[in-house]
Amino acid sequence: MLRAIKKYKSYKVFAEPLSIQNPVSVLVLGICSALAVTIQLKPAIVMVLAMTFVLTCSNVIVSLLRNVIPSNIRIIVEMVLISALVILADQFLRAYMFDVSKQLSVFVGLIITNCIILGRAEAFALAQNPWLSFWDGIGNGLGYGMILVVVAFFRELFGAGTLLGFQVIPPSLYEMGYSNMGMMVYAPAAFILIGIFAWIQAEWREG
Amino acid sequence: MADLVNLALTAIFTENMILALFLGMCSFLACSQNVKTAMGLGTAVTFVLTVTVPINWAINHFLLQPDALMWLGLPAGIDLSFLVFIAFIAVIAATVQILEILIETISPTLYNSLGIFLPLITVNCSILGASLFMEQRGYTASESVVYGFASGIGWLIAILALAAISERLKYSNPPKGLKGFGITMIVTGLMSMAFMAFSGIKFG
């Protein structure tokens with residue numbers, strides 16, 4: 001079954017961003033938000049969903065319009081498209097998930113300048129058909145999400161002792177003298193965790 | 001006056017664009033290999049931030065805020081604030097274009113040193129980020145000028161420091177998998193830790 005699926009080109013397009021072509025840890029794109037929204041797991045997951053939505057839609061639309069967009073103004077067209085999609089995502093979050101939207105603050109808006117989206121539109125969607133672009137969008141969104149979720153997992157677990165807001169580290173451990181690592185909620189921990197993650201991935205790729 | 005100085009100090013040190021808010025990381029990582037390039041990019045970013053934040057302030061204040069259009073004699077209750085993203089990014093892209101043309105005619109030497117970095121700046125998230133923070137925190141006109149300039153200086157300091165460290169890193173010998181991206185992130189983390197020591201810095 002899996003072997004049969006692996007034959008499709010769309011599978012390859014979908015799976016590569018998850019490992020050897022990971023947008024964050026290999027291609028070094030979209031780092032800003034990967035670091036900023038990872039203090040807790042919940043905002044990180046919401047951010048990934050918003051990002052995957054915008055990325056997939058922009059990929060499909062750019063791909064559908066690829067023969068219509070004049071090449072010398074294509075960046076502006078892409079920016080307008082992406083901004084419109086981000087406005088949609090932002091309005092949706094404000095209407096249905098107000099608390100998370102407040103937590104994410106400006107970072108929803110900053111999806112516009114996330115290099116992954118413009119990068120995929122330029123490098124992939126402008127040259128491929130909508131079906132492949134769709135899978136490329138989903139794959140890159142999840143590849144980006146993978147890093148966010150892992151970093152957020154460690155930062156929330158060690159920084160607050162919770163996961164998704166639920167207490168995970170038992171109170172008895174605190175009584176024995178364990179305490180939360182305050183550093184995890186600050187900026188430096190995010191940088192260092194991503195550095196270590198990239199290290200592990202690089203070693204793993206080389207076998 | 002003391003308020004403005006404090007705002008500048010916060011924007012440069014405690015809420016440094018890169019080291020505390022993670023904005024503008026992409027170009028920060030791409031252009032931090034030597035000090036000269038870093039200086040060029042940092043100056044360009046400071047320049048664009050100082051210009052775009054006040055312009056976006058004006059756009060937001062006179063056009064987009066709830067009830068902002070009343071000075072045109074339009075009735076109250078018009079709220080265009082959902083357009084901030086698209087308006088800000090359009091202003092930034094346009095400003096960068098105009099600046100490029102202006103600098104080219106006025107000062108060719110400045111253009112030669114900044115030229116290649118200017119187009120890159122449109123998609124630098126620190127520029128859009130500063131404007132969005134300005135909108136969210138409701139800065140006044142003078143505050144937005146100071147905030148734009150100080151954020152730029154903070155960005156410049158961070159990228160210069162990292163570039164200087166990177167020049168030395170070439171001669172160090174980290175584990176193979178850590179080379180490049182990994183070690184840069186860890187060094188940035190240590191720098192960010194050092195910048196945290198500035199918290200509480202205050203004037204007057």
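The values are calculated or read from the model by the stated rules, or taken from the named source; none is laboratory data. The structure presented is a predicted model; accordingly, all values stated were derived computationally and were not measured. Please note: Cβ atoms are built from the backbone with ideal geometry, for glycine as well, and neighbour counts cover all protein chains shown. The area values use the complete protein model at the heavy-atom level, side chains included, leaving out ligands, DNA and RNA. Shrake-Rupley method; radii C 1.70, N 1.55, O 1.52, S 1.80 Å.
Points to keep in mind about this one:
- Between B and A, accessible area buried - total, square angstrom, nearest 100, 1.4 angstrom probe: 3200
- Modelled spin-label separation between residue A:19 and residue B:62, with each label point placed 7 Å from Cα along the Cα-to-Cβ direction: 5.7 nm.
- Accessible-area order (highest first, 1.4 angstrom probe) of the listed residues B:95, B:37: B:37, B:95
- When every Cα-Cα distance of segment B:71-163 is counted in 10 angstrom steps from zero, the calculated P(r) takes the values 13, 36, 35, 12, 4, 0 percent.
- Angle in degrees between helix A:74-96 and the longest Cα principal axis of chain A, rounded to the nearest 10: 40
- For segment A:72-148 and segment B:126-161, distance of Cα centres in Å: 24
- Note on exposure: A:155, B:168 ranked by accessible area (1.4 Å probe, complete protein assembly) read B:168, A:155, with the most exposed listed first.
- Cross-link partners of residue A:102 among lysines (Cα-Cα below 23 Å; sequence separation of 8 or more within a chain): A:42
- If the chain linking residue B:30 and residue B:198 were pulled fully straight, counting 0.36 nm for each residue of separation and taking away their Cα-Cα distance, it would gain 57.8 nm.
- Note on chain B: Rg/Rh from C-alpha atoms, Kirkwood Rh, equals 1.03.
- Over all projection directions, the Cα-based convex hull of segment A:21-150 averages an area of 7.2 nm².
- Residue-level accessible surface for residue A:199, protein heavy atoms, 1.4 Å, Å²: 80
- Which of A:158, A:115, A:10, positive extreme of dipole for the protein assembly as shown (C-beta unit charges): A:10
- For segment A:188-207, accessible area lost to neighbouring protein chains reaches 50 Å² or more, against the chain alone with a 1.4 Å probe, at A:188, A:191, A:192, A:199.
- Partners for residue B:176 among aspartates and glutamates (Cα-Cα distance below 16 Å; same-chain residues under 8 apart left out): A:203, A:206
- Mean-square fluctuations from a GNM of chain B, with a 10 angstrom spring cutoff on Cα atoms, peak among B:69, B:128, B:19 at B:69.
- Axial C-alpha extent at least 30 Å, average Kyte-Doolittle at least 1.6 - helices from chain B (DSSP): B:84-106
- Eligible lysines near residue B:170 by straight Cα distance, threshold 27 Å, same-chain separation 8 or greater: B:36, B:179
- The convex hull defined by the C-alpha atoms of the protein assembly as shown has an orientation-averaged projected area of 25.3 nm².
- Rough spin-label spacing in nm, given labels placed 7 Å along Cα→Cβ, for residue A:94 and residue B:70: 2.0
- Taking chain B as a Gaussian network of alpha-carbon nodes connected by springs under 10 Å, the highest mean-square fluctuation of the residues B:146, B:91, B:187 belongs to B:187.
- The mean of 1/r over all pairs of different alpha-carbon atoms in segment A:157-207, once inverted, gives a Kirkwood hydrodynamic radius of 12.8 Å.
- Per residue solvent-accessible surface (Å²) - segment A:21-150, probe of 1.4 Å: 38
- Carbon and sulfur %, accessible surface of chain B computed with the full protein complex present, 1.4 Å: 70
- Using a cutoff of 8 angstrom between alpha carbon atoms and counting only pairs six or more residues apart, the relative contact order for chain A works out to 35 percent.
- Burial annotation for segment B:40-89: residues with an accessible-area loss of at least 10 Å² between the isolated chain and the complete set of protein chains, computed on heavy atoms with a 1.4 Å probe, are B:82, B:85, B:86, B:89.
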